[in-house]
Amino acid sequence: MRVLVIGGTLFIGRRLVAELVKAGHEVTVMHRHAEHNLGRKVGNLMADRNDPESVRQAVKGRQFDVVFDNVYDWERGTTAAQVEATAQAFGDGLKRYIFMSSVAAYGDGLNHHEDDALAPDTHPEAYVRNKAMSERALFRLHLRYGLPVVTLRPPYIYGPENPYYREAFFWDRLRAGRPIILPGDGRRLMQFVHVKDLVWACMKVMEEPAAVGNSFNIANPRPVTQQELVQALGKAAGKEPQMVKVPRELIHQAGGHPMGPLLYFGFYYDMPPITQLVAKAQRVLKFKPTPFLEGLKETYRWYVRHNGFPPPDYSFEDSLLAKVS
């Protein structure tokens, strides 16, 4: 099939493009650059997906069977209107429009299934609001005009080539013999999915007839606490973590923020819990996620060979630890 991946040059997109090429599809990526490093078999379209006219001009005169919409602009946000305009730019010939949403689209709460209401248009977090509104816009297009949409809602994505300072944050500290700060009591829940499992789901919904018009939670079935996460990361690295609980109030008063620059628990990893059930993906897609520890061990092997993050600055963590010692 002729497949377009919007944003195919990083983490999810790179692995997805590789799998699509391996499966024999004719693959093109759309991004804001005139070239890519994905190989000569992969076509290139230059466009800013937040600019509807730019997208329309880039795809004018071209036909695609499947579009993967994987891009969110973290600096400017990507709105529902921009996603809707992108979907409409491809006309009536699509077999699938696969949109990468997020568990964040639910807004908050535990044990969400796909029929639960998504976050309202007035939600204070732009990312949450945009993902939820984009899904609603796409499903309206499905109901009114037959857009063959599928949406995927992953939680935290981990695995080799993760561009965010997450797994590596903890392994840097474990390998240096440093304590790991646990925010609060360490019992806040988190849920994960290996990037290769998410890409597997992307490939599966391309072909599965029952996927059209549906959303799917794609995740490891069992959430873990923050403390369990650190223990699992330690096991993957063969290191015994030393954990120190620090009240969130103290962290925030000192200037700590989940997105940095004063980072204390991995990039964006200390957020109010949102968890999901994956029975629908297991039933309809036959989804079988990678065991968490197995996936972490694979990721650790990659980290040891390829860790490209800057050397850590531990001064902020040291100041917090001094306050609770």
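The values are calculated or read from the model by the stated rules, or taken from the named source; none is laboratory data. Fair warning: this is a prediction, and the values are worked out from it, not measured in the lab. Ideal geometry is used to build each Cβ from the backbone, glycine not excepted, and the neighbour counts take in all protein chains shown.
Inclusion of F316 among residues that are in a helix (DSSP H, G or I) and out of contact with any Asp or Glu (no Cβ under 8 Å at 6 or more places or on another chain) is warranted.
Residues in segment 198-228 that are under 28 Å from E240 (Cβ atoms) and within 17 Å of the chain's Cα centre (by Cα): A219, N220, P221, P223. Scanning segment 247-285 for residues that are among the basic types (K, R) and without any contact (Cβ under 8 Å) to a residue 40 or more places away in the chain returns a single hit, R283. Just one residue in the set V304, V246, V278 is surrounded by fewer than 18 Cβ atoms within 10 Å (Cβ to Cβ) and at pLDDT 95 or above; that residue is V304. For residues in segment 43-78 being at pLDDT below 95 and of a type in the set (F, W, Y), which is surrounded by the most Cβ atoms within 10 Å (Cβ to Cβ)? Per the criteria, the residue is Y72. Would you confirm whether any residue within segment 135-153 is of a type in the set (K, R), closer than 24 Å to N50 by Cβ and not in a helix (DSSP H, G or I)? Looking through segment 135-153, at least one residue is of a type in the set (K, R), closer than 24 Å to N50 by Cβ and not in a helix (DSSP H, G or I). Among the residues of segment 95-133, those that are among the charged types (D, E, K, R) and farther than 15 Å from L152 by Cα comprise K95, D108, D121, E125, R129. Among the residues of segment 51-92, those identified as under 20 Å from L147 (Cβ atoms) and of a type in the set (S, T, N, Q) are Q63, N70, T78, T79, Q82, T86, Q88. Considered as a group, the residues in segment 129-153 that are among the basic types (K, R) and buried (at least 18 other Cβ atoms within 10 Å of the Cβ) include one that is farthest from G13 (Cα to Cα), and that residue is R129. Can you confirm whether segment 174-189 contains a residue that is buried (at least 19 other Cβ atoms within 10 Å of the Cβ) and of a type in the set (D, E, K, R)? Yes - at least one qualifying residue is present in segment 174-189. When segment 1-37 is filtered for residues that are in a loop (DSSP other than H, G, I, E, B) and in contact (Cβ under 8 Å) with a residue 12 or more places away in the chain, the ones remaining, listed by number, are M1, G7, G8, T9, L10, A23, H25, R32, H33, A34, H36, N37.
On the phi < 0 side of the Ramachandran plot and surrounded by fewer than 18 Cβ atoms within 10 Å (Cβ to Cβ): does that describe Y156? In short, no. Only one entry in V284, V230 is more than 28 Å from D116 (Cα to Cα), of a type outside the set (G, A, S) and surrounded by 15 or more Cβ atoms within 10 Å (Cβ to Cβ), namely V230. A Cβ distance below 6 Å, combined with a sequence gap of six or more or placement on separate chains, defines the contacts here; from segment 297-325, residues that are farther than 20 Å from N162 by Cβ reach residues that are in a loop (DSSP other than H, G, I, E, B) in the pairs F316/L262.
Considering segment 1-27, and only residues there that are closer than 17 Å to M100 by Cβ and not hydrophobic (A, V, I, L, M, F, W, C), the residue that is surrounded by the fewest Cβ atoms within 10 Å (Cβ to Cβ) turns out to be E19. Exactly one residue among R49, R56, R40, R76 is more than 24 Å from the chain's Cα centre (by Cα), part of a loop (DSSP other than H, G, I, E, B) and either touching a residue at least 12 places away in the same chain (Cβ under 8 Å) or farther than 13 Å from V5 by Cβ (or both), and that residue is R40.
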